[in-house]
1. Go through region 112-139 and give me each residue that's open to solvent by 30 Å² or more (accessible area, probe 1.4 Å), in a helix (DSSP H, G or I), free of Cβ contacts under 8 Å to residues at least 60 places away in the same chain and not basic (K, R).
2. Scan region 43-74 for residues that are assigned to a helix (DSSP H, G or I) and of a type in the set (D, E, K, R) and report the count.
3. Only residues that are part of a helix (DSSP H, G or I), surrounded by 16 or more Cβ atoms within 10 Å (Cβ to Cβ) and of a type in the set (S, T, N, Q): list them for region 148-167, please.
4. From the residues in region 177-194 that are hydrophobic (A, V, I, L, M, F, W, C) and at pLDDT 95 or above, which one is farthest from the ligand (Cβ to nearest atom)?
5. Going through A79, A83, A75, A52 one at a time, which residue ends up being free of Cβ contacts under 8 Å to residues at least 40 places away in the same chain and under 14 Å from the mean Cα position of the chain (by Cα)?
6. If you take the residues in region 1-42 that are away from the ligand (no atom under 12 Å from the Cβ), hydrophobic (A, V, I, L, M, F, W, C) and part of a loop (DSSP other than H, G, I, E, B), which one is most open to solvent (accessible area, probe 1.4 Å)?
7. Working only within region 62-82, note down all residues that are away from the ligand (no atom under 13 Å from the Cβ), touching a strand residue (DSSP E or B) at 6+ places or on another chain (Cβ under 6 Å) and open to solvent by less than 10 Å² (accessible area, probe 1.4 Å).
8. Inside region 86-100, can you point out the residues that are touching a residue at least 60 places away in the same chain (Cβ under 8 Å) and touching a strand residue (DSSP E or B) at 6+ places or on another chain (Cβ under 8 Å)?
Amino acid sequence: MAILPSQPIGVFDSGIGGLTVAHAIRQLLPFESMIYFGDTAHLPYGDKSEAAIQAYSVKIADILVRKGCKVIVIACNSASSAAYELLTEYVRKDIHIINVIDPMVELVLQQFGNKRVGLIGTKRTVQSDVYSRKIHEGKKGIQLHSLATPLLAPMIEEGFFNNQISHEIIAQYLSDESLNNIDALILACTHYPLIKNEIKSLYDNKITILDSSEVIAKALKEHLEDERLLNKLNTPPAHHFLVSDYTESFEASARMFFQQPVQLERHSLWN
Ligand code: DGL
């Protein structure tokens with residue numbers, strides 16, 4: 001069956017982090033409808049094995065394809081590093097998969113040649129070494145210094161940001177000497193844009209904080225334009241939010257981002 005422009009965009013993450021990407025997509029592509037899957041039953045992904053994340057990602061891709069998505073955005077760095085290649089093999093070839101890593105690597109290569117760039121992300125993302133491999137392959141003389149910050153995603157998922165506790169945890173991580181004298185910091189976890197202002201203020205706004213949500217939305221728009229898959233109906237779209245386990249923090253965040261009530265539908269990965 002041919003892919004139609006009116007079909008929705010599938011977006012997934014372990015939890016609320018990918019909503020930062022979904023929000024940017026909604027801003028840039030207001031007439032596209034989205035099906036968002038938050039795998040809240042299995043978060044955090046950052047501490048899971050590559051095999052476990054691959055298994056969850058395959059199941060989620062199956063659900064998004066069955067629901068008729070025209071493209072799938074892996075709005076999660078941990079899943080992008082563990083399962084992107086696998087999904088491109090596994091999912092039918094006419095459904096394009098967008099990961100959060102490649103558009104960010106491209107931006108860093110364009111803008112930060114010969115600079116010192118820091119990166120914070122989950123253990124899975126940092127251990128995968130995918131950013132440093134790709135940035136190194138770009139041969140722009142960039143020195144990348146990566147630090148795993150495993151407490152941050154669970155903290156944000158629990159709604160702990162912009163407060164004393166989050167401030168102290170973030171400050172502790174950012175004081176790591178590997179992040180000294182950096183020119184820019186990549187937020188290599190889609191949960192982290194929610195603490196971007198806290199991070200900025202810790203650096204006195206002196207360095208560039210790179211958050212992938214907008215570059216991903218742009219990469220998606222380019223793909224839809226190239227493939228003539230932009231939705232042509234100028235009617236406000238309906239978005240659907242699926243979660244593998246119901247959590248109040250997810251519902252509150254989704255409502256906050258979309259500034260409208262969201263209906264959460266529980267959907268197990270295993271049926
Ligand atoms: N938001 C995710 C990421 O970009 C996952 C965080 C987690 O579940 O550990 O890596």
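The values are calculated or read from the model by the stated rules, or taken from the named source; none is laboratory data. What you see is a predicted model; the values in this text were computed from it and never measured. Neighbour counts are summed over all protein chains in view; Cβ atoms, including those assigned to glycine, are modelled from backbone coordinates with ideal geometry. The protein model used for the area step is the full one, side chains on, heavy atoms only, and it has no ligands, DNA or RNA in it. Shrake-Rupley method; radii C 1.70, N 1.55, O 1.52, S 1.80 Å.
1. Selection gives Q127, S132, H136, E137.
2. Applying the first criterion (assigned to a helix (DSSP H, G or I)) to region 43-74 yields 50-66.
Checking the rest, the ones that are also of a type in the set (D, E, K, R) come to 50, 59, 62, 66.
Residues flagged as assigned to a helix (DSSP H, G or I) and of a type in the set (D, E, K, R) within region 43-74 amount to 4.
3. Correct list: S166 only.
4. I182
5. Numbers: A79 fails: free of Cβ contacts under 8 Å to residues at least 40 places away in the same chain; A75 fails: free of Cβ contacts under 8 Å to residues at least 40 places away in the same chain; A52 fails: under 14 Å from the mean Cα position of the chain (by Cα).
One residue alone meets the criteria, A83.
6. M1
7. Of everything in region 62-82, those that are away from the ligand (no atom under 13 Å from the Cβ), touching a strand residue (DSSP E or B) at 6+ places or on another chain (Cβ under 6 Å) and open to solvent by less than 10 Å² (accessible area, probe 1.4 Å) turn out to be L64, C69, V71, I72.
8. Answer for region 86-100, where residues must be touching a residue at least 60 places away in the same chain (Cβ under 8 Å) and touching a strand residue (DSSP E or B) at 6+ places or on another chain (Cβ under 8 Å): I95, H96, I98, V100.
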